[in-house]
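Working notes, structure below.
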Amino acid sequence: MTKYIFVTGGVTSSLGKGIISASLAKLLQERNYKVTIQKFDPYINVDPGTLNPYEHGECYVTDDGAETDLDLGHYERFLNTPTSQDNNVTTGRIYQTVINKEREGQYLGKTVQVIPHITDEIKRRMMLLAEKRDFDIVITEIGGTVGDIESLPYLEAVRQLKRELGNQNCINIHLTLIPYLSAAKELKTKPTQHSVKELLQSGVQPDILVCRTEQPLTKEIKQKVSSFCNVDYKSVIEAIDAQTIYDVPILMLKEKLDIRVLKKLKLRTSQTPDLTAWKEFLGRLKSPTHEVNIGLVGKYNELPDAYKSIYESFVHSGAHNECKVNVFPIHSEILEVGEIDRKLANLDGVLVAPGFGERGIQGKIEAIKFVREKGIPFLGICLGMQCAVVEYARNVLKLKKASSTEVNPKTSYPVIDLMPDQKEITTKGGTMRLGAYKCRLEKGSIASRSYGRVEISERHRHRYEFNNAYLDHFTKEGMKFTGINPDTNLAEIVEISNHPYFVGVQFHPELKSTVERPHPIFVSFVNAALKYKLSDEKTKA
Ligand code: GLN
């Protein structure tokens, strides 16, 4: 029988429920349990695909083409197993299903209500993953903070499931904050007590409390939390601030979070988790022998979460190369007002980010022209690749007015154009070219050397594409199309000759980089940046 763990959060948002869930899952996975994580988000959007990155950070895309919450990225990066549409559910999706059923007459004239209809649908979704596949443990992270009006139906569903399945099959881990008041030089437990009270009002008694803190929790503090919150002493877990999110599984292992969970769920605790590979990764991450500076040219730089997977991919590929990667966010709009050499000085590589719309495009194009001409390693992702094509058309093919029709629908040279099957689509949300598609690589290209094979599959999220009407012209002028979709002939990767590393990819490699499998394109890009730095320094010497 599948066991269920519900992770809720109290006191404030951003306590890191996603990281705690992913770390716990990692420990259970390394004890040979079949485990998965899902995220329930209380907002009304059907999925986060229509959200501006400033609102909710990056939209993470799964193999099966779901536009999901960025926490699913953490789950995949930690567990090294893919998630799917079923791993992310929102209030919008729950209501949509219930309302559709009501319109079909499936409720047989009944009044459709939050309880039981919405909560039943929430419960059905909570158990769906285990119905479709064989899991020992399903961890469900409930988004938002206990006390939010919109979280109530989820807590009610958890209460019902705990009663229906029994406490040994269904537990709640509540994540809270124990703030340190520097004036009083004291850790304070009151916010945690209040947040547990709030949870109790919904009928849910937490089984384990994970307490975020800046300072180690004393025995007295743990005892106080234990007695006021009705949680046994051993189940008050300290989650002290970590140097990196990748330390958290090790910290949770030391705090025995996995053992507490397994004991409560009446599962074996005999085997110890094998974290050899994880610790090796941490060792490489923490004692790099080299360092490179990479510029991340994008327009959502004010919010690093907008490029979450890109930052994490640099962590994985940096560790793989034993190289610290310093990522410098560069706002594409500031590149539009000149002094590009000063702004891109001291960089060993430039990544031009994905994005939508016209704002900041010219800055991205200027950055690409600069790195192409100077031989600085370049990686363009999605919109970044499309900008590389436009830059090449304008400055090498001399088609000065070339553009993407996303930016200029009337351009005389639409080198990037809407994909034919996108032309009729008017609705937003889940209508882009989404998810995994195959790609065949050209032997000997940077791409195929990076992957070490010629057949790959990568995830997509876009409406525009390289316009194959210009293929011959580009090829003649030295741009190489080294990755092609074998079924549709869409161009997936561009490279150029006589440049140490110039790669543009239409897909999103950052969505498939994990701790144990750093993405080959990021690995080769960081490696190229390192080579560039060393050679550059050699010339200077
Ligand atoms: N806006 C571009 C398109 O839709 C690129 C999308 C992206 O970078 N994810 O094709």
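The values are calculated or read from the model by the stated rules, or taken from the named source; none is laboratory data. These figures come from a predicted structure and were not determined experimentally. Counting neighbours? That spans all protein chains shown, and the Cβs are built from the backbone with ideal geometry, glycine included.
Structure values in brief
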{"read-out": "Breaking point among (1) at pLDDT below 95; (2) touching a helix residue (DSSP H, G or I) at 6+ places or on another chain (Cβ under 8 Å); (3) over 24 Å from I149 (Cα atoms), for D64", "value": "(1)"}
{"read-out": "Only listed residue being of a type outside the set (A, V, I, L, M, F, W, C), away from the ligand (no atom under 16 Å from the Cβ), in contact (Cβ under 8 Å) with a residue 40 or more places away in the chain and surrounded by fewer than 19 Cβ atoms within 10 Å (Cβ to Cβ), chosen from G338, G375", "value": "G375"}
{"read-out": "Flag if P486 is in contact with a Pro (Cβ under 9 Å, 6 or more places away or on another chain) and either within 16 Å of the ligand (Cβ to nearest atom) or touching a residue at least 12 places away in the same chain (Cβ under 8 Å) (or both)", "value": "no"}
{"read-out": "Residues located in the range 80-122, provided they are closer than 22 Å to Y307 by Cβ and without any contact (Cβ under 8 Å) to a residue 60 or more places away in the chain", "value": "P82, T83, N87, N88"}
{"read-out": "The range 341-368 residues that are touching a residue at least 24 places away in the same chain (Cβ under 8 Å), paired with ones that are part of a helix (DSSP H, G or I) and charged (D, E, K, R) (beta carbon under 6 Å, 6 or more apart)", "value": "D348/K533; V352/K364; G360/E333; Q362/E336; G363/E333; G363/E336; I365/E391"}
{"read-out": "Residue in the range 520-531 that is within 16 Å of the ligand (Cβ to nearest atom), buried (at least 23 other Cβ atoms within 10 Å of the Cβ) and under 23 Å from F281 (Cβ atoms) present", "value": "yes"}
{"read-out": "The range 283-318, subset touching an Asp or Glu at 6+ places or on another chain (Cβ under 7 Å) and among the small types (G, A, S), residue farthest from S14 (Cα to Cα)", "value": "S313"}
{"read-out": "V415, sole failed condition from (1) in contact with a Leu (Cβ under 8 Å, 6 or more places away or on another chain); (2) among the hydrophobic types (A, V, I, L, M, F, W, C); (3) away from the ligand (no atom under 16 Å from the Cβ)", "value": "(3)"}
{"read-out": "Every residue from the range 430-477 that is within 14 Å of the ligand (Cβ to nearest atom) and in a strand (DSSP E or B)", "value": "R433, L434, G435, Y437, E458, R459, H460, R461, H462, Y464, E465, F466"}
{"read-out": "Matching residues in the range 96-109 - criterion: being charged (D, E, K, R) and either farther than 19 Å from M126 by Cα or surrounded by 21 or more Cβ atoms within 10 Å (Cβ to Cβ) (or both)", "value": "E102, R103, E104"}
{"read-out": "Filtered residue count, the range 380-393, keeping only those that are more than 13 Å from the ligand (Cβ to nearest atom) and either closer than 25 Å to I310 by Cα or part of a loop (DSSP other than H, G, I, E, B) (or both)", "value": "2"}
{"read-out": "Options E510, E492; residue that is at pLDDT 95 or above, part of a helix (DSSP H, G or I), within 25 Å of the chain's Cα centre (by Cα) and under 22 Å from F314 (Cα atoms)", "value": "E510"}
{"read-out": "Given (1) surrounded by fewer than 23 Cβ atoms within 10 Å (Cβ to Cβ); (2) within 16 Å of the ligand (Cβ to nearest atom), number of the condition K324 does not satisfy", "value": "(2)"}
{"read-out": "Criterion (surrounded by 17 or more Cβ atoms within 10 Å (Cβ to Cβ), at pLDDT 95 or above and within 22 Å of S513 (Cβ to Cβ)) met by exactly one of R77, R93", "value": "R77"}
{"read-out": "Test result for V396, within 14 Å of the ligand (Cβ to nearest atom) and either free of Cβ contacts under 8 Å to residues at least 12 places away in the same chain or of a type in the set (A, V, I, L, M, F, W, C) (or both)", "value": "no"}
{"read-out": "The range 43-58, residues that are surrounded by 20 or more Cβ atoms within 10 Å (Cβ to Cβ) and at negative phi", "value": "D47, P48, P53, E58"}
{"read-out": "Scan of the range 341-372 for residues that are within 16 Å of the ligand (Cβ to nearest atom), within 21 Å of T411 (Cα to Cα) and assigned to a helix (DSSP H, G or I), ordered by number", "value": "I361, Q362, G363, K364, I365, I368"}
{"read-out": "Residues of the range 464-481 satisfying the condition of being in contact with a Ser or Thr (Cβ under 8 Å, 6 or more places away or on another chain) and more than 21 Å from E373 (Cβ to Cβ)", "value": "Y464, F481"}
